[in-house]
Amino acid sequence: MEFESRRKLLKDNLILGLKRYLVINAIFLFLWALIRVFEYFYLSNSVYLPKGSALYVLIGFGIDILILLNFAGLFLLPFLILHTLYKPLANIVSGFLIVFFVLGQIALIKYFATTSILLGSDLYGYKMKEIIETASASGALSVVTVLSSVLAVLIISYILKKSARINPNPLLSVLFAIISIVSLFFSKYTIPDKEKLNNQLNINLVTNKASHFIRESLIYVLPTPQNEVTLFPYFYTGEAIDSGEPFEYLSEEFHFLRIDNTPDLLGKYITTETNKPNIVIIIVESLGRAYSGKGAYLESFTPFLDSLASHSLYWENALSTSGRTFEVLPSILGSMPYGTSGFAELGKKMPDGFTLVNLLRRHGYVSSFFYGGDAGFDKMGMFLTKQKIDFIYDESNFGDSYSKIPPKPNFTWGYGDKEIFRKGLEVLSQADSTPRLDVYLTLAMHDPFNLPDQDYYQDAVEEKFEKLKFDELRKEEYRKYIKNFSTILYFDDALRYFFDEYKKRDDFNNTIFIITGDHRMSTPPISSEIDRFHVPLVIYSPMLNKSVKFSSVVSHLDITPSVIAFLRESYSLNFPAAAPWLGRGLDSVTYFRSTISMPFIRTKSEIIDYLDKDYFLVRDQLYMISDNLKLNRVTNEKKLVEINRKFEKFKRENIVVTTNDKLIPDSLKF
């Protein structure tokens, strides 16, 4: 009798648990439906959504339902156990999870609206201080945001409390439990089919932001182990640029160390002087090819840079190595591998290597770095100090005569582009006549896109629309990003100012200027997976004997090898015969071709992109690249396996080299 009584009690508790579980998930579904409505209207006001976008949001809600069923299936047993043991605890835990998902989803939607990027495991590549600074710059920590979050928590808590009175049908509750368990067998359909969604914006609209973040976080925390047996026995870099021969690697211990046989491309176009040339490298925050240069698909907003490019060596298909700024200095200055989260993120454990800074220092060059923000961000200052740079000028030592970018709401990244250039010119006016290496990194083209004279530059954008003969529909689309475009025009004006002033210097005629972007800005939305890396590369000098536009694919990794080859051959400077360069030197054909193999580090936690000549790999999706770096999805299992093996080979050697100080042997260190 007692056994029957306990059995009945257990059954009743189980039914009560299933009924409560159904109610909680129904509330969850209702809230997610509201969030999808919020997402559509919020994005409509924040970014340009083309006609038909509502359909993709609706498709996304269908995926949301499957995701919710998956979650329900996963949490069913833990909930029933908790509900049986202590009902209030089950309700509290459920409420916490719902609040967490709802607020997280809203925050991730806002992040996407600001950046046009789905936040994933890249979050884990930054320290808390850096996350707070970035969030402050975007207004995510404003009083309004905090109060709205508190209000949302109170409303959800109230709904959950009142829902305790709802008494659903037991059969319906059991049916829901069965469906949720069965749904786990269809979990692969929670990831949108990229091939059927036409473009990246549609993919991002359909994707559930919270689910994406959780999935990427799990991949980061629990990475898939690689089987070394499957790796190819050669290095990722492939053939040398002109010879067609593989690199001559020198050591099994120092995996990237090879004979430096980079051809002297620049010497063909630069008439050398007696004195060693000054080298000025201008790295432009978020300068993407999408809005700079002839043929830019968003139209060019850099008239001065375009004019300069027409008198320069100009590569229209250049690639950065990263989707963010953190890797640009090691790549451009040292053609270096990436470590686990970026070379500089290795901090005090950064391996010794060769960079323009330390190599030119041996030949009497004085080096300086100019940046309007905090050089400690992304460990830039630590990296440059290790390379023995002579001077670092950042926001800590600009002086009272310089003005920072207006804050939003109480945070600013630092000094604007014109102020950075003005600081550099001030330093140069007091410098000796020794040869110089000056590196500038701008910052105005960055969220929240605030500027001095904001109204002036937004009016200039409107004038640009008129010059480009935009119709009203296109104007409306572009006005969603008017602050973005205004910062591009501001940078271009600052660059014009810099050159106008630099021309007045006696050493202008003996200076080589290298200008490129660190990556493309994330808004307006990128057009393809490779678009985030597509940047212009301009090399200008009064010593040029001709100007040429190149359509061959090159990267930031190729810059330092080419500069060193030029100085070695044209100025007879002595450099080590071996180097651990990842790049092979700049390619000088005027038609489109891709002969390079290179990995990318998209974020501090994502090394998922790889270019292998005509093929571009993202995760397990393979594309063919064509002129203007257009991508076309292809199915080629043999090539996919081959490139994946090559990619994994790089990733393994990358970790070994950077975590064990194995870039160069002690005999080459100085």
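The values are calculated or read from the model by the stated rules, or taken from the named source; none is laboratory data. Just so we're clear, the structure is a prediction, and the values are computed from it rather than from any experiment. Note that we place each Cβ from the backbone using ideal geometry, even for glycine, and neighbour counts take in every protein chain shown. Surface areas here come from the heavy atoms of the whole protein model, side chains and all, with no ligands, DNA or RNA. Shrake-Rupley method; radii C 1.70, N 1.55, O 1.52, S 1.80 Å.
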On a 24 Å Cα-Cα criterion, which of the cross-link pairs Lys51/Lys194; Lys194/Lys475; Lys294/Lys475; Lys194/Lys639 come out too long? Lys194/Lys475
Would you list the membrane-span-like helices of the chain, meaning whole DSSP H runs whose alpha-carbon atoms span at least 27 Å along their axis and whose mean Kyte-Doolittle value is at least -1.0? 2-46, 53-85, 87-115, 143-162, 482-502, 637-659
So how much slack lies between Asp400 and Asp666, counting 0.36 nm per residue of separation and subtracting their Cα-Cα distance, in nm? 91.3 nm
Residue-wise HN-Hα coupling along the range 397-408, computed from phi with Karplus coefficients 6.51, -1.76, 1.60 (Hz; x: Gly, Pro): 9, 6, x, 6, 7, 10, 10, 7, 4, x, x, 8
In debye, nearest 20, what is the charge dipole magnitude of the chain about its Cα centre with +1 on Lys and Arg Cβ and -1 on Asp and Glu Cβ, if you could check? 2420
Give me the Debye-computed log₁₀ of I(q)/I(0) at q = 0.12, 0.15, 0.20 Å⁻¹ for the range 525-577, equal point scatterers on Cα only, no solvent, two decimals. -0.43, -0.62, -0.92
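Using a probe radius of 1.4 Å on heavy atoms only, what accessible surface per residue do you get for the range 153-224? Whole Å² is fine.
Working: 4590 Å² over 72 residues.
In whole numbers, the range 153-224 has 64 Å² accessible per residue.
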Is any residue of the range 618-644 close enough, with backbone N under 16 Å, to a label point placed 7 angstrom from the Cα of Tyr591 along the Cα-Cβ axis, and if so, which? 626-628
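Per the 1.4 Å probe, what fraction of the accessible area of the chain, in percent, lies on carbon and sulfur atoms? Walk me through the intermediate numbers first.
Details: 17120 of 29330 Å².
After summing per-atom areas, the C and S share lands at 58 percent.
Could you tell me the calculated FRET efficiency between Val146 and Lys388, based on Cβ-Cβ distance and R0 = 51 angstrom, to the nearest 0.05? Display every interim value, and only then the final one.
Values: r = 45 Å, r/R0 = 0.88.
Once rounded, the FRET efficiency stands at 0.70.
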Which of the lysines could be linked to Lys162 by a straight reach, that is with a Cα gap under 22 Å, when you skip same-chain ones fewer than 8 residues away? Lys19, Lys87
Which percent, to the nearest 5, of DSSP beta bridges fully inside the chain are antiparallel? 55
Under 18 Å from the 7 Å Cα→Cβ point of Lys161, by amide nitrogen: which residues of the range 49-87? 87
Could you check the simple spin-label distance between Glu273 and Phe508, using points 7 Å along Cα→Cβ, in nm with one decimal? 1.2
Cβ-based charge dipole, the chain, positive-most Cα from Met350, Phe301, Leu14: Leu14
For Asp193 and Leu77, extending 7 Å from Cα along the Cα-Cβ vector and measuring point to point gives, in nm, a value of 3.2
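Taking Cα pairs under 8 Å and at least six residues apart, what relative contact order does the chain come out at, in percent? Write down the numbers at each step before the final one.
Numbers: 1150 pairs, mean separation 141.9, N = 670.
Worked out over the chain, it gives 21 percent.
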On a 29 Å Cα-Cα criterion, which of the cross-link pairs Lys196/Lys613; Lys418/Lys483; Lys467/Lys504 come out too long? Lys467/Lys504
Pull up all non-local amide H partners of Ala578: gap of 5 or more, or a different chain, and H-to-H distance under 5 Å with H placed in the peptide plane. Asp260
HN-Hα J couplings of the range 599-613 from phi, Karplus 6.51/-1.76/1.60, θ = phi - 60°, integer Hz, Gly and Pro as x? x, 10, 10, 4, 9, 5, 10, 9, 10, 10, 10, 8, 9, 10, 6
If the chain between Leu468 and Leu640 were fully extended at 0.36 nm per residue, the gain over the current Cα-Cα distance would be 57.7 nm
Can you pull the three principal axis extents for the Cα set of the chain, in Å, largest first? 105, 60, 43
Spelling it out for Ser286: with amide H atoms placed in the peptide plane at 1.01 Å from N, the residues 5 or more places away or on another chain with amide H under 5 Å from its amide H are Asp518, His519
At 1.4 Å probe radius, can you tell me the per residue accessible area of the range 404-546 in Å²? 39
Within the range 393-410, whose backbone N sits under 19 Å from a point 7 Å along Cα→Cβ of Glu501? 393-406
For Ile281, other-chain or 5+-apart residues with amide H closer than 5 Å (H placed, Pro excluded) are Asp438, Val439, Tyr440, Ile514
Approximate spin-label separation Ile179-Leu573, in nm, with each point projected 7 Å along Cα-to-Cβ: 7.0
